[in-house]
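A quick write-up on the structure given underneath.
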Amino acid sequence: MRPAVSVDQLIKVYKSTRAVDGISFALEPGSITGLLGGNGAGKTTTIAMILGLVLPTSGTIEVLGAEMPRQRYRVLHKVNFESPYMDMPHRLTVQQNLNVFGRLYAVNHLPERIASLAAELDLLDLLDRPVGKLSAGQKTRVALAKALINAPEVLLLDEPTASLDPDTADWVRTRLEQFRKRRGATLLLASHNMVEVERLCERVIIMKSGRIEDDDTPGRLLVRYGRDTLEQVFLDVARGRGHTREAAQ
Amino acid sequence: MPQTRALALASQRIGAMVLRYVYLLRSSWSRLLELIYWPAMQLFVWGFLQFYVSQNSGFFARASGVFIAAVLMWDVLFRGQLGFSVSFLEEMWSRNLSNLLISPLRPIEFVCALMIMSLIRLAIGMVPVTLLAIAFFGFNLYGLGIALAAFFANLILTSWAVGMFVAGVLLRNGMGAESLAWTLMFLIMPLTCVYYPVNVLPDWLQVIAWILPPTYVFEGMRALIMEQVFRADLMAEALVLNAVYFAAAVLAFFALLDSARRAGSLLQTGE
């Protein structure tokens, strides 16, 4: 089966900094993959290159069979993205924002789609409120509604639960799981949150200094590193103890 | 058929962006008021000045309306560009630009939406002010007839070209370049001879003035009001220059967008 997303020998150099240094991976359709890494590991740049926001220095990216960024307009209506670091127009109400983005993505039966998303994401009481007047948790739900407005085949998420309380974060994860199951969508999730990655992802790619340091299922990573949690595995990789430990075992 | 569908989808996306800006204007009285406030202030200052000097000078009595026409035309040029640039800036202020650039909205459709918004904002600001000009100073801009269409078309094309260039620089350099949106047009103002004829400039500055399309419009406007002559030749020359500037602005916008994608500037559109 053709991968939903494939990245081959991807490099991004900003002036003298190699933000991404020759990474390759492929995401199977319908899978959830976590992209783990510390600050400056290259996660956000990788996602931005997949979306066409940043041009790679070299290497190739394919999304749903389209070469990115050259053929991006063939597939962008089937892709979406959510990040707490991007906002939506504050003065527009939730309904107005979803209406605008729904039209941009040419969503069929838009009023019904907005109504169903609002019910699913508990936004019915917020539809007429300006986005700028919402709490952080409410804004995340609206951003999620925007990211799901086109029922994307590929959904990219950059720390989707950052700055949320544990209850709201858990609620968001449940919605993402439900969406993936129902839609059969492919999800790529960049995160610092090990609990989130452990719960949601069936595969974890660990990045450090622009390179892929490891790539496996959470279960196999725990066994290989002889650890109880992904956080311990992450610390091993971040502090360069991963290979030593594996070699010892 | 696929082309018809692509065109329909492009129109839908442009419509979505126009709707987004209309929602914004509807939600903010201050934004709406601001569209009328400055053109009205300009009109009153220059209108009363013209009223005063025309009582004391035969020349200005003969040139009745020339200052008011100039200030209104200048506002078409300046507010047309601001209408384009401010709508673009709204996306940067609200950190929404990345959302748009990862959506199916194409840059050219975005530019079309900004041009439409420039016209809408201009209409909201300028139509009431032209009516005030009739009420307070007896100057009817619409009395210029078909010439007004030629003046307007040339001025709005220049304003869009400047707006597009500014948007490209903002994409590449972020909000640090915001002041360009408010000041760039004032850099060319003295050279476009809004309130005085080109021949008052030193010879070497006249050469520069004649490579700016608005200079032809303001000269044409004075010829029409003071000598009752419509200079179609000036309008044609301005149109040719505008075609060159507009094409250059489109190329610059796309080159700067490409450069922003290379530099990763679109990930950080703040200062």
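The values are calculated or read from the model by the stated rules, or taken from the named source; none is laboratory data. Because the structure is predicted, anything quoted here is derived from the model rather than measured. As a convention, Cβ positions derive from the backbone with ideal geometry for all residues, glycine included, and neighbour counts pool all protein chains shown.
For the residues A:Gly59, A:Gly102, A:Gly52, the requirement of being more than 12 Å from chain B (Cβ to nearest Cβ) and touching a residue at least 24 places away in the same chain (Cβ under 8 Å) singles out A:Gly59. Would you check if B:Leu256 is assigned to a helix (DSSP H, G or I), among the aliphatic types (A, V, I, L, M), more than 14 Å from every other protein chain (Cβ to nearest Cβ) and within 24 Å of B:Arg79 (Cβ to Cβ)? The answer is no for B:Leu256. Pull up the stretch A:84-101, narrow it to residues that are under 18 Å from B:Ser98 (Cβ atoms), of a type outside the set (D, E, K, R) and surrounded by fewer than 22 Cβ atoms within 10 Å (Cβ to Cβ), then point me to the one that is modelled with the highest pLDDT. Looking at residues that are under 18 Å from B:Ser98 (Cβ atoms), of a type outside the set (D, E, K, R) and surrounded by fewer than 22 Cβ atoms within 10 Å (Cβ to Cβ), I get A:His90. Strands (runs of 3 or more DSSP E) fully within the stretch A:155-249 that include at least 3 residues being touching a Pro at 6+ places or on another chain (Cβ under 8 Å): A:186-191. Restricting attention to the stretch A:9-33, the residues being touching a strand residue (DSSP E or B) at 6+ places or on another chain (Cβ under 8 Å) and in a loop (DSSP other than H, G, I, E, B) number 4. All of B:Val76, B:Val66, B:Val71, B:Val45 fail the test of being away from chain A (no Cβ under 14 Å), loosely packed, with under 13 Cβ neighbours inside 10 Å and modelled with pLDDT of 85 or more, apart from B:Val45.
Picking from B:Phe165, B:Phe139, B:Phe186, which residue would you name as being more than 17 Å from B:Asp233 (Cα to Cα) and surrounded by fewer than 20 Cβ atoms within 10 Å (Cβ to Cβ)? Being more than 17 Å from B:Asp233 (Cα to Cα) and surrounded by fewer than 20 Cβ atoms within 10 Å (Cβ to Cβ) holds for just one of B:Phe165, B:Phe139, B:Phe186, which is B:Phe186.
With a requirement of 2 or more residues that are within 21 Å of B:Glu178 (Cβ to Cβ) and in contact with a helix residue (DSSP H, G or I) (Cβ under 9 Å, 6 or more places away or on another chain), the helices (runs of 4 or more DSSP H) lying completely within the stretch B:38-118 that satisfy it span B:66-93, B:97-101. Residues in the stretch A:62-93 that are more than 12 Å from chain B (Cβ to nearest Cβ) and either touching a His at 6+ places or on another chain (Cβ under 8 Å) or touching a residue at least 40 places away in the same chain (Cβ under 8 Å) (or both): A:Glu62, A:Leu64, A:Gly65. So the check is Cβ under 9 Å with 6+ separation or different chains; which pairs have a first residue in the stretch A:123-136 that's assigned to a helix (DSSP H, G or I) and of a type in the set (Gly, Ala, Ser) and a second one that's at pLDDT 95 or above and surrounded by 16 or more Cβ atoms within 10 Å (Cβ to Cβ)? From the stretch A:123-136, the pairs are A:Gly132/A:Leu92. Checked against (1) at pLDDT 95 or above; (2) buried (at least 21 other Cβ atoms within 10 Å of the Cβ); (3) within 14 Å of chain A (Cβ to nearest Cβ), B:Ser98 meets all criteria but (1). All of (1) within 8 Å of another protein chain (Cβ to nearest Cβ); (2) over 21 Å from A:Arg180 (Cα atoms); (3) touching a strand residue (DSSP E or B) at 6+ places or on another chain (Cβ under 9 Å); (4) surrounded by 19 or more Cβ atoms within 10 Å (Cβ to Cβ) hold for A:Val131 with one exception: (1).
Every condition in (1) more than 13 Å from the chain's Cα centre (by Cα); (2) buried (at least 18 other Cβ atoms within 10 Å of the Cβ); (3) under 30 Å from A:Thr17 (Cβ atoms); (4) not acidic (Asp, Glu) holds for A:Ser163 except the one numbered (2).
Which of the residues spanning the stretch A:13-45 are basic (Lys, Arg) and free of Cβ contacts under 8 Å to residues at least 60 places away in the same chain? Scanning the stretch A:13-45 gives a single hit, A:Lys15.
Please tell me if A:Met194 is among the hydrophobic types (A, V, I, L, M, F, W, C), out of contact with any Cys (no Cβ under 6 Å at 6 or more places or on another chain) and surrounded by fewer than 21 Cβ atoms within 10 Å (Cβ to Cβ). Against the criterion (among the hydrophobic types (A, V, I, L, M, F, W, C), out of contact with any Cys (no Cβ under 6 Å at 6 or more places or on another chain) and surrounded by fewer than 21 Cβ atoms within 10 Å (Cβ to Cβ)), A:Met194 qualifies. Looking at this structure, is B:Glu34 part of a helix (DSSP H, G or I), closer than 22 Å to B:Phe152 by Cα, free of Cβ contacts under 8 Å to residues at least 24 places away in the same chain and not hydroxyl-bearing (Ser, Thr, Tyr)? Spelling it out, B:Glu34 is indeed part of a helix (DSSP H, G or I), closer than 22 Å to B:Phe152 by Cα, free of Cβ contacts under 8 Å to residues at least 24 places away in the same chain and not hydroxyl-bearing (Ser, Thr, Tyr).
The stretch A:34-83 holds strands (runs of 3 or more DSSP E) entirely within its bounds, and those carrying 3 or more residues that are surrounded by 20 or more Cβ atoms within 10 Å (Cβ to Cβ) map to A:79-82.
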